[in-house]
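Here is the structure we will look at.
The values are calculated or read from the model by the stated rules, or taken from the named source; none is laboratory data. Because the structure is predicted, anything quoted here is derived from the model rather than measured. As a convention, Cβ positions derive from the backbone with ideal geometry for all residues, glycine included, and neighbour counts pool all protein chains shown.
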Amino acid sequence: MKLKAGMFNIAFNKLVPERGRLLISEPLLSEAYFQRSVIFLIEHNDQGTMGLVVNKPSGLVLNRIVEGLEDIDEIPVFCGGPMSSDRLYYLHTLGHLVPHSIEISDGLYIGGDFDVILSYLRSGNNIEHNIKFLVGYSGWSPGQLIEEIENKVWVVADNISPKDCITQEGDLFWRSVVQSLGEKYRTWLNYPKMPYLN
């Protein structure tokens, strides 16, 4: 059956990528790291772009990859992207406690003194709404992300609380962000994840 060429056209909202905004993958993107992904942009400039996929659990737990956390509840680690997959990143709301952390958007920080983070964890603090750990990151060379946006691989969003990047995960987060984009994106929610199986 031949499909109408325009049926999968993706609306382009004209928002430009910048630090603290989100990238939302179009619904038929099948690449493993980026399928139905929500990416929090850490940096975007003429040197390139860095972001963290925030909704993809990796199956790892921090307690097994960092020493000294064996006696606390398991802490999930998310897959931030395919680059530097041996490196740990952390988004958090603890900028007032963690020296050298960098504020990316209002109240949301990246990095900082890891010993302070470890002490916070070992003290039994609830991290559920305060820290998200990720391995790897997503990166684009200069001009690459803009080209992909123009090719409608991604849409940029800025109407979600940055703290949702810590508390939300999975396809449900992707769906909630798509819903927040408005009526013209609602058809995305009806696209099957693997259309070739239908």
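Quick notes on this one:
- Count of residues meeting criterion [buried (at least 18 other Cβ atoms within 10 Å of the Cβ), in contact with a Leu (Cβ under 9 Å, 6 or more places away or on another chain), not in a strand (DSSP E or B) and not hydroxyl-bearing (Ser, Thr, Tyr)] in segment 97-117: 2
- Every listed requirement among (1) under 30 Å from ARG64 (Cα atoms); (2) at pLDDT 95 or above; (3) of a type in the set (Gly, Ala, Ser) is met by SER141 save one, (1).
- Taking each residue of segment 96-120 that is at positive phi and looking for partners that are surrounded by fewer than 15 Cβ atoms within 10 Å (Cβ to Cβ) and outside any loop (DSSP other than H, G, I, E, B) with beta-carbon atoms closer than 8 Å, six or more apart or interchain, yields GLY111/ILE102; GLY112/ILE102.
- Checked against the criterion of being closer than 23 Å to THR93 by Cβ, among the acidic types (Asp, Glu) and crowded, with 18+ Cβ neighbours inside 10 Å, the candidates ASP158, ASP164 yield just one match: ASP164.
- Test: residue in segment 176-185 that is more than 15 Å from the chain's Cα centre (by Cα) and in a loop (DSSP other than H, G, I, E, B): yes
- Counted residues, segment 118-145 - those being crowded, with 21+ Cβ neighbours inside 10 Å and part of a helix (DSSP H, G or I): 1
- Residue in segment 146-161 that is among the polar types (S, T, N, Q), assigned to a helix (DSSP H, G or I), within 25 Å of GLY107 (Cα to Cα) and free of Cβ contacts under 8 Å to residues at least 60 places away in the same chain present: no
- Residue check, SER85 in contact with a Gly (Cβ under 6 Å, 6 or more places away or on another chain) and either basic (Lys, Arg) or crowded, with 17+ Cβ neighbours inside 10 Å (or both): no
- Subset of segment 114-136 [within 22 Å of the chain's Cα centre (by Cα) and either within 20 Å of ILE160 (Cα to Cα) or not small (Gly, Ala, Ser) (or both)]: PHE114, ILE117, ASN126, ILE127, GLU128, HIS129, ASN130, ILE131, LYS132, PHE133, LEU134, VAL135
- Lone qualifier among PHE114, PHE173 - being in contact with a helix residue (DSSP H, G or I) (Cβ under 8 Å, 6 or more places away or on another chain), closer than 30 Å to GLN47 by Cβ and either modelled with pLDDT of 90 or more or not acidic (Asp, Glu) (or both): PHE173
- Cβ-Cβ under 9 Å pairs, at least 6 apart or on other chains, segment 175-190 side closer than 20 Å to SER161 by Cα, far side assigned to a helix (DSSP H, G or I) and among the basic types (Lys, Arg): VAL178/ARG186; GLN179/ARG186
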